[in-house]
1. Is it possible to state the helix-based mean residue ellipticity at 222 nm for the chain, with each DSSP H run of 4+ residues giving -39500 (n - 2.57), the sum divided by total residues, to the nearest 500 deg cm²/dmol? What is it?
2. Can you list, largest first and rounded to whole Å, the semi-axes you get for the chain by taking the square root of 5 times each eigenvalue of its Cα gyration tensor?
3. Just to confirm the number: angle between the C-alpha axis of helix 63-72 and the first principal axis of the chain, 0 to 90 degrees, nearest 10?
4. Rounding to the nearest 10 and keeping the result within 0 to 90°, find how far the Cα-based axis of helix 4-16 lies from the longest principal axis of the chain.
5. With a 1.4 Å probe and every protein chain kept in, tell me what percent of the accessible surface of region 25-80 is carbon plus sulfur.
6. Could you compute the FRET efficiency for Arg53 and Arg73, with r as their C-beta to C-beta distance and R0 at 22 Å, rounded to 0.05?
Amino acid sequence: MTNAHSTTMSALAYVSRGWAVVQLHDVVGGACSCGSAIPGHDGTQGGKHPIMRGWQNAGMHDVAEVNDAWARRPGANLGIV
């Protein structure tokens, strides 16, 4: 399980460097939070893809946006765009 505070702090550190970040799905109860039933898309393979569509152009650069996003979904994993 990911430490939500640690993930948020990491996201904020990346944003402070000028890097864009996105939220990634997490693993809940041994399954990816996206709900996919694809074989192998479980705790070993799930939780590693972006939550939002269009993530390539939707990276967060703003501290307030990052804080809001992780407040709404504290278990999300972190990706750098």
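The values are calculated or read from the model by the stated rules, or taken from the named source; none is laboratory data. The model shown is predicted, which means the values in this text are computed figures rather than measured ones. A quick note on method: Cβ atoms are made from the backbone with ideal geometry, for glycine too, and the neighbour counts reach across all protein chains shown. Just so you know, the surface numbers come from the protein's heavy atoms only, side chains and all, with ligands and any DNA or RNA stripped out. Shrake-Rupley method; radii C 1.70, N 1.55, O 1.52, S 1.80 Å.
1. On the way: 2 runs with 23 residues, N = 81.
It lands at -8500 deg cm²/dmol.
2. Values: eigenvalues 103, 36, 18 Å².
Result for the chain: semi-axes of 23, 13, 9 Å.
3. 30
4. So the inclination is approximately 40 degrees.
5. Values: 1940 of 3530 Å².
The nonpolar share, carbon plus sulfur, comes to 55 percent.
6. Working: r = 16 Å, r/R0 = 0.71.
Efficiency computed from Cβ-Cβ geometry: 0.90.
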